[in-house]
Each structure stands twice: as C-alpha cells, then as structure tokens.
C-alpha cells in the first residue's frame, strides 16, 4: 500500500515537473479576407497565477490597417481574470449582449496591431472557460478565433 | 514545474539550516526561537507557492517535500555512511562521570544545562552517570553506573 502511494506521489510530482498542471500558453489563429487574427492565451492555468492574453491583428497582403478596428470578445471569458492592464488602451469600450467590444484606432500606415491583456487568474475560479474574439471592420465580422483556458483547481 | 523546484530548494535550505542550528536547538527552543520558527513557516510558504493559490500547487509542494523526506529516510536506512551525512549522530557528553567539556562547547551546551537535564531525570550527581548521550533529536539520555537503567528527557513527561 505504501509503495503504491509513493509511486502515485512520484507520478504526481513528475506530472508537475512536466507542466501537466500548467502554466501553459496556447496560440490560435485564423486568416480570412486578407486579415490575420491571432490570439495567444493561457491554455492551462491555476488560480492566482499570472496569465497573459495577447491578440495580434495584421494584413496578409501587407497593406495598412483601416482607421478603426473593433475587437469583439465574449465578456464571460474575461470574468475569470483580475485585470492588471490592457495595452494599448482602446479608444472606446462597451458591452452589448454579453460581448465585450474594444475599438482601436491604429496609427496611420500601421500594418499590425498587438493588444496585450495582462491579468491574473482569479483565486476562486476552478472551472475551465471558453472564449472567442472576432475582428470587426466597418461593422462586418472578418475573422473569429476560439480558445479555451483549462483551469486546474 | 517551478513550484517543485522551489519546494526542493526550500527543503535543502531547511535541511542545511537545521543541521547548522545543532541538535540541542531542535529539542529546546526559547520563546524568541519559537517565534522565529513561526515566522519562517510563513515566509517559506510564500517562497514556495508565491501567488499560486491552487489546491494543485499546494499539493505539489507538499508532495515534493514529502518525497525528499522519504528519499532521505530510505538512503539513511540503506547506508550508514549516507546516514552520517544526512542525519546527526549521537555524541557522548559524559563517560564514567567525566564531563567532555570540549564536546559541550561544540554542542553549545553549558555544564548547567547538563546538570539541569540530569536533575530532570532524577540524577543529582554526574559521578553516578556512566554515559550521558546527546541524541540525534537533541534530547539527552543518561545511563547510570549503579544500575542498568536508561532514562531520557521524555521520561519526566510520563
């Protein structure tokens, strides 16, 4: 019996060393209608750990981004985090029907935009949460990526 | 992975500190030393888990420390040589009534401490002691010359 417990302990610690219980960063991307949308997100995390979420927008054809870009995300996904900061600050932020909308105005001629959401997973979150982000340009949804953060209690 | 590494470092650090502190410190603590130990526990917790408030993180830290303890115990059991490095060895303080004052100095024990411990087990005169041994756990055992009887600090608690 004792030997079994020791082997289980060893397996548990080995799994911890191999990063099975997090923290792990994941990346998902989509290219659609000449735009490329990529999100780097906490794939596996634990309560209290610093977690980094980053969104990258670019043009596949190398052309500049439009003057106004909207990023629409599921608001419930961001509820699992304690926010430390969002960079750059959106020109406007609002919520509608469970969606969190950030409106950015990239500098003239810029071909890419990187949005960083610096946060910490809330200590009382013990369940996984899915989210999605959509790039909206001129009121039209151009590209959408989905992601899921697995929370190890 | 980090939490396993931090727990390992803290385990080794504590092991070194407790070896340096000496055997007697383990058995007897002044109120100040007791407070220091309490504070150390709090500081160590922060150092090991940092901002990790998860059940998994705490379990990993405890499991890591427990595995190191089991490994030390197993190695000490398998090899006396290894045991001499990992664990303190008992030392003789009194032989046939003669006090080894050099050993008292090494162990940072005064003659008054020794006499105090002897009185605690009903010995008024060190001349009646065949051996007084400072055990690995910091307690002092006395073996009398007049009769085959072994007593230690713990006997007084009974």
From the options B:63, B:84, B:73, B:141, residue that is more than 14 Å from chain A (Cβ to nearest Cβ) and within 18 Å of residue B:15 (Cβ to Cβ): B:84
Looking only at segment B:39-82, how many residues end up being under 21 Å from residue A:150 (Cα atoms), without any contact (Cβ under 8 Å) to a residue 24 or more places away in the chain and not in a helix (DSSP H, G or I)? 3
Restricting to segment A:1-19, name every residue that is in a helix (DSSP H, G or I) and loosely packed, with under 13 Cβ neighbours inside 10 Å. A:2, A:3, A:4, A:5, A:7, A:8, A:11, A:14
In segment A:20-33, residue nearest to the other protein chains (Cβ to nearest Cβ) [restricted to those that are within 18 Å of residue A:126 (Cα to Cα) and part of a loop (DSSP other than H, G, I, E, B)]: A:21
When you check residue B:108 against the structure, is it within 14 Å of chain A (Cβ to nearest Cβ), touching a helix residue (DSSP H, G or I) at 6+ places or on another chain (Cβ under 8 Å) and either at pLDDT 90 or above or farther than 30 Å from residue A:125 by Cα (or both), yes or no? no
Please list, ordered by first then second residue, the pairs with beta carbon atoms under 9 Å, 6 or more apart or interchain, first in segment B:95-121 and in the same structural domain as residue B:143 (by TED's automatic domain parsing) and in contact (Cβ under 8 Å) with a residue 60 or more places away in the chain, second assigned to a loop (DSSP other than H, G, I, E, B) and surrounded by 16 or more Cβ atoms within 10 Å (Cβ to Cβ). B:107/B:22; B:108/B:22
For strands (runs of 3 or more DSSP E) lying entirely in segment A:56-153, having 2 or more residues that are buried (at least 16 other Cβ atoms within 10 Å of the Cβ), more than 14 Å from chain B (Cβ to nearest Cβ) and within 17 Å of the chain's Cα centre (by Cα) picks out A:69-74, A:99-104, A:112-121, A:129-137, A:140-151
Among the numbered criteria (1) in contact with a helix residue (DSSP H, G or I) (Cβ under 7 Å, 6 or more places away or on another chain); (2) more than 14 Å from every other protein chain (Cβ to nearest Cβ); (3) part of a helix (DSSP H, G or I), which one does residue B:93 miss? (3)
Whether any residue in segment B:20-27 is at positive phi and either out of contact with any helix residue (DSSP H, G or I) (no Cβ under 9 Å at 6 or more places or on another chain) or modelled with pLDDT under 85 (or both) is what I want to check. yes
Looking only at segment A:24-47, count every residue that is crowded, with 19+ Cβ neighbours inside 10 Å and within 9 Å of the chain's Cα centre (by Cα) and tell me the total. 3
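The values are calculated or read from the model by the stated rules, or taken from the named source; none is laboratory data. All figures in this text were calculated on a predicted structure; none of them were measured in a lab. Quick reminder, even Gly has a Cβ in these numbers, built from the backbone with ideal geometry, and neighbours come from all protein chains shown.
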